[in-house]
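For reference, the structure discussed in these notes is given below.
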Amino acid sequence: METQDYKLMKAKNKVEKLKRFYNHLIVYLVINTVITIVKVMNNIKNGETLNEAIFDFATLVTWMVWGIALTIHAFSVFGLPLILGDDWEERKIEKFMEEELRND
C-alpha cells in the first residue's frame, strides 16, 4: 500500500519530468528560430530567394536532428507510461528490492 509521502514523491517526480520536457521544448523553439532567422538572412544576402533560403536543407537539418531528440524525450515522458502502465516503475522497484533482499 502506498503512503501519502510516496504518492507525493511520485507526483513531484512526474511534474519535474513534465517541467524538464516543456523547458526542452521552449529552448528547442527559441534556439532553432534564431538559428533559422540567421541562416535565412545569410542565404538571402548570398542571392537566394526567400523560398530557397527557408527550404534549404542546411536550414532545416537543425530542426530535424534536434526534433528527433525532442520526440524521444516526449515519448519518454508521455508514451512510455501509456505503453508500460503507470505502475511500471513501482513494479520494477519492488522486483529489484526483492532481488536485493534475496542476495543479502
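Structure summary
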{"item": "All lysines inside 23 Å of LYS19 as judged from Cα atoms, apart from same-chain residues fewer than 8 positions distant", "result": "LYS7, LYS10"}
{"item": "Dimensionless Rg/Rh of segment 1-53 - Kirkwood Rh, Rg from C-alpha atoms", "result": "1.49"}
{"item": "Relative contact order [Cα under 8 Å, 6+ residues apart], the chain, whole percent", "result": "26 percent"}
{"item": "Average projection area in nm² (convex hull over Cα atoms of the chain, one quarter of hull surface)", "result": "9.7 nm²"}
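Every number in this text was worked out from the coordinates using simple rules, so none of it is lab data. Keep in mind it's a predicted model, so treat the numbers as computed, not measured.
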